[in-house]
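The values are calculated or read from the model by the stated rules, or taken from the named source; none is laboratory data. Bear in mind the structure is a predicted one, so any value in this text is a computation, not a measurement. Positions of Cβ are generated from backbone atoms using ideal geometry, with glycine treated the same way; all protein chains shown enter the neighbour counts.
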Amino acid sequence: MKHTAGILLTAIAFFCMSFKGDKTDKTEKTCKTEKADLHTIELIKNEGFNNSKVMETLFNLTDVNGPRLTGSKGMRNAEKYIRQQLEDWGLEHANIEPWGGFGKGWEVNKCYVAMTAPYYQALITVPKAWTPGTNGLVKANAVLVKIDNVQDMGQYAGKLKDKIVVMLPVNLTTKPNFTPDASRVSDEDLKKLAMDPHVDEAATNLSQKAAVSAKLSPNIKPQIDAFLIAEGALAIISPGRGGTMGTISTTNGASRAWDAPPLLPEVEMCSEHIGRIVRLLETGKEVTLEMDTKTTFEMADSMEYNVVAEIPGTDPGLKDELVMLGGHMDSWHAATGAMDNGAGTAIAMEAIRILKATGVKPRRTIRIALWSGEEQGLLGSRGYVQNHFGNRLTMELKPEQAKVSAYYNLDNGGGKIRGIFLQGNDELRPIFSEWLAPFADLGASTLTIRNTGSTDHISFDEIGIPGFQFIQDGLDYGTRDHHTNMDSYDRASSNDLMQASIIMASFVYHTAMRDEKLPRKAIPKVNNGPNSWAR
């Protein structure tokens, strides 16, 4: 970024002086009194850069622990590790806290898929979540199936018995990529992001069209699954959702409900390998496959959990109030979930470790909360919010709702922080501008009034608690990491994770030290839950 802290502070001062009318006194007071504590920021920077534990935490969470699909043994092990680590750092009230029922747990124990004719080739595949295994080695001819609607099923009647079904992809074109996988957010993009979205009519129209398109696409997968079982097929191979060079974006293939209907074993395959099979079959060549997959359903306990811990507040008048930070622990199963969302979890843990290590005495209690079930619909954070603060559907609020000043979330990969979403609350602009100013030389200076969705801050925002997600560099989150078999520790940038930990720690600290809680938006009306979480 070209902006310096001095330039930004000058701009903030001009912003403060430019207000007229009824808001002048209030705004000028905020600008004059909202000062960043540079001494504490220096302590935070020193601890975060020179004594960082964030990569060590990420290693233990991912390489050592493995995948963390909600309901799996990996998730249980991660919860125990995180609780113990927070306790070892000296946090209080470290606890694995139940939030509600989830359904069946599930994990992969084995996955082997290969083409054996016209020649041998091991194939890159991942079982779809909550699908069964093959119950041993299965060998069969492959057959192409393309079903876009219920009427398409008739042409395959009587042709699928003892076959491995290859679901025909919509798009098999895989071309060389002439753009880099990883990129930083450009200055120009940050300028656009900082603009009010109402000036971007095209983006609004595009969003509306996407919503209409989604409504026009009915889900016929349950009918397809039932048809394939009835026809005697042995297993299903599906195209991975996007990705090239062996990258597969994993998805949910079945219901986790206790009474879910039976399904065939199903794996997703990388585009290069399924493309080869499709080309062979389309030209009349016989393709023989063998599969041996094993998956386990965890059915002993349907309860799922979040991990929480605290640094108690020290001000007698404010210690019952809360400042919260966190991210989701759970991941998908094809890799170790390092960027989604091991990075966010490690950064939140590092932020609170930094605050504990520097010996700061927050006036309000600082509570870290790390969620499960985010990938299935913000389930962990929404369960926690309902248990502690209020019901988002009825807007019946508990007294504790009024005591939370803010919740800060991180869940857009491992890129450094470039700013923060104001989530539609313009009263925060002069406050967050002051808090960001000391980090301009670390690339963080952008404020945007825009809302952002898709992760756990929404659970707080939708019941009137200020909830925030930071703006981050994308790196290769959207091209290589998000929900894929490549989402591993190797994708992490230590400098980015350290920078993000420091800024998150500073925002949490300054929120905990204010005389007043952060300004709030109006309490929402009854919420029917349309806020998008799907990722």
Practice task
Would you please list the contacts, defined by Cβ atoms under 9 Å and residues six or more apart or on different chains, that run from a residue in the range 182-196 that is modelled with pLDDT under 90 to a residue that is part of a helix (DSSP H, G or I)?
Solution key: 182/477; 182/479; 182/480; 182/491; 183/479; 185/193
Practice task
For the range 446-467, indicate whether the set of residues that are in a helix (DSSP H, G or I), closer than 28 Å to residue 253 by Cβ and hydrophobic (A, V, I, L, M, F, W, C) is non-empty.
Solution key: yes
Exercise for the section: Could you figure out which of (1) out of contact with any Gly (no Cβ under 9 Å at 6 or more places or on another chain); (2) at pLDDT below 95; (3) of a type in the set (Phe, Trp, Tyr) isn't true of residue 533? Expected result: (1)
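Do we find that residue 359 is at pLDDT 95 or above, over 23 Å from the mean Cα position of the chain (by Cα) and either in the same structural domain as residue 333 (by TED's automatic domain parsing) or more than 18 Å from residue 327 (Cα to Cα) (or both) in this structure?
Considered against the rule, which asks whether it is at pLDDT 95 or above, over 23 Å from the mean Cα position of the chain (by Cα) and either in the same structural domain as residue 333 (by TED's automatic domain parsing) or more than 18 Å from residue 327 (Cα to Cα) (or both), residue 359 comes out as yes.
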Completion exercise
When (1) out of contact with any Ser or Thr (no Cβ under 8 Å at 6 or more places or on another chain); (2) at pLDDT 95 or above; (3) over 28 Å from residue 296 (Cβ atoms); (4) of a type outside the set (Ser, Thr, Tyr) are applied to residue 141, the one that fails is (1)
Completion exercise
Selection over the range 474-497 where residues are surrounded by 22 or more Cβ atoms within 10 Å (Cβ to Cβ) and either closer than 23 Å to residue 47 by Cα or hydrophobic (A, V, I, L, M, F, W, C) (or both) yields a count of 5
Problem - Residue list for the range 401-416, filter: surrounded by 16 or more Cβ atoms within 10 Å (Cβ to Cβ) and of a type outside the set (S, T, N, Q) - result: 403, 404, 406, 407, 408, 410, 411, 413, 414, 415, 416
Exercise for the section: Determine whether residue 132 is modelled with pLDDT of 85 or more, outside the structural domain of residue 425 (by TED's automatic domain parsing) and assigned to a loop (DSSP other than H, G, I, E, B). Expected result: yes
Problem - Given (1) modelled with pLDDT of 95 or more; (2) outside any strand (DSSP E or B), index of the condition residue 126 fails - result: (2)
Handout entry: the range 78-95: number of residues that are over 25 Å from residue 359 (Cα atoms) and surrounded by 15 or more Cβ atoms within 10 Å (Cβ to Cβ)
Key = 2
Exercise for the section: From the list 449, 463, 417, pick out the single residue that is under 20 Å from residue 380 (Cα atoms), assigned by TED's automatic domain parsing to the domain that holds residue 42 and not hydroxyl-bearing (Ser, Thr, Tyr). Expected result: 463
Handout entry: Candidate set from the range 482-498 (those that are out of contact with any Ser or Thr (no Cβ under 9 Å at 6 or more places or on another chain) and in a helix (DSSP H, G or I)); member that is modelled with the lowest pLDDT
Key = 491
Handout entry: Residues being assigned to a helix (DSSP H, G or I), surrounded by fewer than 24 Cβ atoms within 10 Å (Cβ to Cβ) and among the basic types (Lys, Arg) - total across the range 350-386
Key = 1
